[in-house]
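The values are calculated or read from the model by the stated rules, or taken from the named source; none is laboratory data. Just so it is clear, the model here is predicted, and its values are computed rather than measured. Here the Cβ positions follow ideal geometry from the backbone for every residue, glycine too, while neighbour counts run over all protein chains shown.
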């Protein structure tokens, strides 16, 4: 192994992208209310974008209902807009500083929408994995240019990075296929 090149770090970063995908897909609930459903939503608050959980408390009072208690009265409309614009197909009903969100039964159309959202999340994960691959390859090119490694070592490490990338992409596809199956199950 050469001086600065860390294949384990590249693999670790790729796994982190896959974990992030699993977390995002975990938020795509199949008809049951879950606080994690709203976790990926960001709200424009105080001039910056922040996670919904930093401006409100999310609870599940009933199996098919979410309650969002907004801490700052002035943020209620921003939180409501963020939830409506989230592509989750949710329509909050506002009562003071509390937003009540009924989770709709999953009909065929809704399932297809959720599958599209799942595909978007997995494409984002694939892009992240490819960015990590590019970073690794750029590091190798720089090391070769600086004469820190030989051309043979560079080629061997490039092949290792590509293999790690291919495995990560396969894992992303498997995670997506599992979620897709779960969503389409009636």
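Points to keep in mind about this one:
- Condition met for residue 22 (surrounded by 15 or more Cβ atoms within 10 Å (Cβ to Cβ), farther than 25 Å from residue 116 by Cα and in contact with a helix residue (DSSP H, G or I) (Cβ under 8 Å, 6 or more places away or on another chain)): no
- Checked across segment 119-129, the condition of being surrounded by 15 or more Cβ atoms within 10 Å (Cβ to Cβ), farther than 21 Å from residue 11 by Cα and touching a residue at least 60 places away in the same chain (Cβ under 8 Å) holds for no residue.
- Segment 1-19 - residue that is touching a helix residue (DSSP H, G or I) at 6+ places or on another chain (Cβ under 8 Å) and under 15 Å from residue 165 (Cα atoms) and, of those, modelled with the lowest pLDDT: 7
- On inspection, residue 68 qualifies as in contact with a strand residue (DSSP E or B) (Cβ under 7 Å, 6 or more places away or on another chain), within 25 Å of residue 116 (Cβ to Cβ) and surrounded by 14 or more Cβ atoms within 10 Å (Cβ to Cβ).
- Scanning segment 92-114 for residues that are surrounded by 12 or more Cβ atoms within 10 Å (Cβ to Cβ), free of Cβ contacts under 8 Å to residues at least 24 places away in the same chain, more than 21 Å from residue 27 (Cα to Cα) and in the same structural domain as residue 60 (by TED's automatic domain parsing) turns up at least one hit.
- The set of residues in segment 74-107 being assigned to a helix (DSSP H, G or I) and touching a helix residue (DSSP H, G or I) at 6+ places or on another chain (Cβ under 9 Å) consists of 79, 82, 83.
- Restricting segment 140-166 to residues that are touching a residue at least 24 places away in the same chain (Cβ under 8 Å), surrounded by fewer than 19 Cβ atoms within 10 Å (Cβ to Cβ) and under 16 Å from residue 12 (Cα atoms), the residue that is farthest from the chain's Cα centre (by Cα) is 160.
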